[in-house]
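Note sheet for the following structure.
Values in this text are rule-based calculations from the coordinates and carry no lab data. Note that the structure is predicted; figures quoted are calculated from it, not measured. A quick note on method: Cβ atoms are made from the backbone with ideal geometry, for glycine too, and the neighbour counts reach across all protein chains shown.
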Amino acid sequence: MAKLKNIIKQLSEKDFKTIYDSLIESSAEKSAYLLKGLRERQLSDSKIMVELEVNANAYYTLRSRLNQKIEEHLLQQMESPRTDLLRKVSNLNEVLFTKKRTISIATLKKLERELIDYDLASELIVVYKSLKKIHISSPEHFAYSQLYNRHVAYMLAVDKAEDMLATYFKNYGNYFLTGSANEKMGLSLLLKEMRNVAKLYESHRLYVYQSCMEIYHRLFVELTEDVDDGESIEDIFEHVQKIFTTYNLDPLYYHLNLVFEFLKLEYYNHYKVYRQAEKYFEEVNDAAINLLINYPTHTFSSQFLITKVHRALRMNAEKELQAENENLFSDFELDQLDLSKHVIYIVYRAICFYYVGRFDEAARLLNGLLADVIMKKYPFAQMEIKALLALQYCMTHEVELFNQLSGSIQRQIRLFGKHDCENVMLFVKILRVGVSEAKKEKLKKIKSLIPKFKAAKVNYFAPTTLIKMDADFITQLVEIEIKN
């Protein structure tokens, strides 16, 4: 919210009036009031909610929509000069065939400078192609031919970098669900190839693409700060921010700013600097749906849902997640073809239901996931989901269903070996103690198993680790009654 207030206060008077008038014209009076209140009056969130007569959830939706409206306006302002520039490039033939040679060359050179500022490689190719032809009888023809060839190669390098970035995060989804050493090696090779491509050119765009991959790889794959060139993650953040500031009219960078806010959040979470992490959480959370839907080729955005659960558990706010979800995912369209994102989203929703005691709804989601998604390639993730479902059966005292499911899990454990899935084995063992008819020493047995479960190391997606094994959890298990 602090960032939204800051943006509103920094709007020019013209921009503020345009946005305000637009809200009034579209009958969005509450959004207009919020905009004016945040700019001209020092009102607290609670005071605004009282004056607008809205609850916390409605206020959350209102400020998110206002933020989106402001972003749309600013982006439109940003696009205007760029759109004008692209229009000039598309009309070059009109200049070349109707103007004198000196005017044509001056126009092309001016366009060259402006296109370099925007780093628009494709359009620069058109300009250099024209300059090359117009200098066909001049000694400068060779220089423009070289520039043309170089920018064709550069454009192909940018295209390759974009493809590698998208492939990296698609493949990371497989690694996330499997923890496979082969998948990990593939990710490292992709990063190495990205570094090699970025070294070919002094390009801030290639550097930004490399940074998206580089930072995520160090935080979630290699788990190290050691790098060949000595540039730390904080140095990368600083360098990228300078690029964004320098090329502030670039619409791609405008959008990628969200990716780097997300990466900063994950960076500070990784090193447990939670006070710094909170500076980025609210802004990323406000744009969570946009991050999940529109950024899968630039980062592994589904990680944010897991981060939300960890944060809620740390702050003892896990029961608040479901209320937020009612607004957050009201119009969320799930992409079942993106399997890792689909799995994480369903598991996240199920865990949120679990924490508010809606065990039947959690079980329905997990059963649907196991039925709808073929997970033969992800057996460990499948076991984890089954274990999570088994917990819901425990909480609803459906012991027969639990026994059937735990038997299936144990067969998988025997197949893969206890060492490779120790956490699932211990989780199911805890649940089996809970549903056992012998009540003697239940409490003691469960308490002895929980530290072992928490100490088990896992290198794949393990939603069982998102279950809070506190006194309430233990009490619920101990008090399970067997249904006849």
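The Asp117 and Ala56 beta-carbon pair, evaluated with R₀ = 35 Å, returns a calculated FRET efficiency of approximately 0.20. For the chain, the longest principal axis of the C-alpha atoms and the axis of helix 140-178 are separated by about 10°.
Extension gain, Gln146 to Val95: 0.36 nm times the residue separation minus the Cα-Cα distance gives 16.0 nm. Report note on the peptides 388-401, 23-36, 114-127: ranked by the mean count of other C-beta atoms within 10 Å, highest first, their order is 388-401, 114-127, 23-36.
Projecting the Cα atoms of Ser203, Val158, Leu405 onto the charge dipole of the chain (Cβ charges, centred on the Cα centre) puts Leu405 farthest toward the positive pole.
Angle of helix 399-416 to the longest C-alpha principal axis of the chain, folded into 0 to 90 degrees and rounded to 10: 60°. For Kirkwood radius over Cα pairs in Å, the choices are [x] 24.5; [y] 22.9; [z] 26.0; which was calculated from the structure? Structure-derived value, by its label: [z]. Neighbours of Ile125, meaning other residues whose beta-carbon lies under 14 angstrom from its beta-carbon, give a summed charge of 0 when Lys and Arg score +1 and Asp and Glu score -1. For the chain, the longest principal axis of the C-alpha atoms and the axis of helix 422-435 are separated by about 40°. For segment 85-183, relative contact order (Cα pairs under 8 Å, six or more residues apart, normalised by length) works out to 20 percent.
Relative contact order (percent) for the chain, with alpha-carbon contacts under 8 angstrom and 6 or more residues of separation? Here the relative contact order equals 11 percent.
Positive-end ranking of Ala390, Ser448, Val95 along the dipole of the chain, with charges on Cβ about the Cα centre, is headed by Ser448. Once Lys and Arg get +1 and Asp and Glu get -1 on their Cβ, which of Tyr295, Phe16, Tyr355 lies farthest toward the positive end of the dipole of the chain? Highest projection toward the positive end goes to Tyr355. Here the 3J(HN,Hα) profile of segment 379-391, calculated from phi with Karplus coefficients 6.51, -1.76 and 1.60 at θ = phi - 60°, is x, 6, 5, 4, 4, 4, 5, 4, 5, 5, 5, 4, 4 Hz, Gly and Pro shown as x. Filter Lys69/Lys109; Lys100/Lys129; Lys88/Lys264 down to the pairs with a C-alpha to C-alpha distance above 29 Å, please. Among Lys69/Lys109; Lys100/Lys129; Lys88/Lys264, the Cα-Cα distance tops 29 Å for Lys69/Lys109; Lys88/Lys264. Taking the Cα centre of segment 157-298 as reference, the dipole from Cβ charges on Lys and Arg (+1) and Asp and Glu (-1) amounts to some 240 debye. A Förster distance of 56 Å, applied to the separation of the beta-carbon atoms of Gln241 and Glu400, puts the FRET efficiency at 0.45. With a simple spin-label model that places each label point 7 Å from the Cα along the Cα-to-Cβ direction, the separation between Phe332 and Arg411 comes to 3.3 nm. About the centre of its Cα atoms, the chain shows a dipole size close to 740 debye [charges on the beta carbon of Lys, Arg (+1) and Asp, Glu (-1) only; nearest 20 debye].
Legend: ranking of residues Ser12, Ser232 from fewest to most surrounding C-beta atoms inside 10 Å; resulting order Ser12, Ser232. On the beta carbon distance between Asn248 and Lys376, with R0 = 30 Å, the FRET formula returns roughly 0.05. Extension gain, Arg358 to Ser436, is 25.8 nm, computed as 0.36 nm per intervening residue step minus the present C-alpha separation. Along segment 271-278 the Karplus relation, 6.51 cos²θ - 1.76 cosθ + 1.60 evaluated at θ = phi - 60°, assigns HN-Hα couplings of 9, 6, 9, 5, 5, 5, 4, 4 Hz to successive residues, with x for each Gly and Pro.
Relative to the Cα centre, the charge distribution of segment 272-369, modelled as +1 at Lys and Arg Cβ and -1 at Asp and Glu Cβ, gives a dipole magnitude of about 500 debye. Length gained on full extension, Ser27 to Glu222: 65.1 nm, using 0.36 nm per residue less the C-alpha separation.
Coupling constants for segment 107-112 follow from the phi torsions by the Karplus curve (6.51 cos²θ - 1.76 cosθ + 1.60, θ = phi - 60°), and in residue order they are 5, 5, 5, 5, 4, 4 Hz; glycine and proline get x.
Counting every alpha-carbon pair across segment 225-322, the share separated by more than 19 Å comes to 47%.
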